[in-house]
Amino acid sequence: VVSHGITDNATRTVARKIVIKWSPGFDASSAHALYSREQMHLNGIVHGTVGSSYKEGVPNNQDSDDPPIVVGWSARFEDYYIPSSGDDIRVEEWYNEEYYGERKSLPADIEYDLPEFPTFPEVDEDDDKGPIKLLNSTQIMGISLDNPITYISEIELGSSSMLTIDLKGEDRILIVDKIDINQGFVFLENGGSLKLYVTGDMTFGGAGVLNHPNPQPGYKDGHVTNELNESSAKDATEEQMVQAASKLSIFIKGTSDESTNKQLNLTNNITLCGSVYGQDMNVLISNSVKIAGNIVTGGNEVESNGDCSVATSMIYAPLAHVKILDSAKIKGPIISNTLKYDGGSLGYVSFDPDEDNIIDNDIFPKEAKIISEGSVLEQ
């Protein structure tokens, strides 16, 4: 940028270098239903393409002659993408019929980096609006996020209690040190969106609902009932789930105790509408869980098993060994370092980049950043 200044007695010209960097969010246009940076073991139903960047001896297995993809007896998938100069897939001996498409070349420059984990705003403990502890079915509480940033030290929900968070039609940030939802229900209301920053741990119990997709809570005889709130969440349409999920992004640091294994357990019949980014957490998804939103982690392990449903979402774990087991149903791409898919007859992974959309959220923001470089130079 060059600026000319002119007065009656003098002229002055200064210049400064400006760089505009554009972050397009996550580009799903070339994503596969399953992708692994290294090897993939495939033994399940895939509605979509699969891809592996692995070549013999690259990057970590110098003495390995394994192919990029090993295909088991129940594998079903469309075209597969692997390096053009590497080995073809290996099909197990008992595989009697070809239920897969053609070999195609995977671009050499494919990269999946972790998105930038946000810097949490500093909070003053004197500004604590909590703790909030609702531990039985007669407890119903509403809070209003009147300010851009709110700090609550702890949220604990038990039994069939209900917490309603009023966003006032604005984009808000809620910072919480610890969250425990054990059969409780959380509703977001009055528009807007929420960034939930968790500085410690976040745990779930049986049949809890975070960001309920049905705006009508379940009452019976003047009380919230676990059965009505749970069933209305499970019966929500995909459109309701996606709409709710687009309003919530959760960022979890996890405990700072190095002796504790950082793990996020999404289990025991819970319902979650929102995207989650665990900074360096392992993730377990199991036992009749229903999720709409993206699961992003810098951890080493991700496992999905049991009769769980992950809808219109993606599992983005480029550093992890990802295991998809049993009857898990996942609609959205899975991105991993290594991958094992051993699905049951009722399970599947499905993604079509031409038809399926990834939920937009604050984890992969679409934004332009203007960065000034160097000092102002006078010419």
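Each reported figure results from applying straightforward, stated rules to the coordinates on display, with no laboratory input. The model shown is predicted, which means the values in this text are computed figures rather than measured ones. Note that we place each Cβ from the backbone using ideal geometry, even for glycine, and neighbour counts take in every protein chain shown.
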Determine one quarter of the surface area of the Cα convex hull of region 73-134, which equals its mean projected area, and express it in nm² to one decimal. 10.4
Could you give the nm distance between label points at LYS17 and ASP126, where each point is 7 Å from its Cα heading toward the beta carbon? 4.5
Between LEU135 and GLU189, with labels modelled 7 Å along Cα→Cβ, what's the label distance in nm to one decimal, could you check? 2.6
Within region 86-157, list the GluC sites (Glu not before Pro) lying in a DSSP loop whose Cβ has at most 16 other Cβ atoms in a 10 Å radius. GLU92, GLU93, GLU97, GLU98, GLU102, GLU111, GLU116, GLU122
Once you sort the root eigenvalues of the Cα gyration tensor of region 157-217 as a ≥ b ≥ c, which label holds: rounded (a/c under 1.5), prolate (a/b larger than b/c) or oblate (the other case)? oblate
Name the long-range amide H neighbours of THR164: under 5 Å, sequence gap of 5 or more, or other chain; modelled H, no Pro or chain starts. MET141, GLY142, ILE143, PHE187
From the phi angles alone, apply the Karplus equation (6.51, -1.76, 1.60; θ = phi - 60°) to region 66-73 and give each ³J(HN,Hα) in whole Hz, x where the residue is Gly or Pro. 5, x, x, 9, 9, 9, x, 5
Compute the distance in nm between two label points, each set 7 Å from the Cα along the Cα-to-Cβ direction, one at GLU170 and one at THR7. 4.3
A chain fully extended from ASP235 to HIS47 at 0.36 nm per residue, minus the present Cα-Cα distance, gains in nm 65.3 nm
Considering only C-alpha atoms, what is the centroid distance from region 289-304 to region 342-357, in Å? 15
Residue span LEU114 to SER29: 0.36 nm per residue of separation minus Cα-Cα distance leaves a gain in nm of 28.8 nm
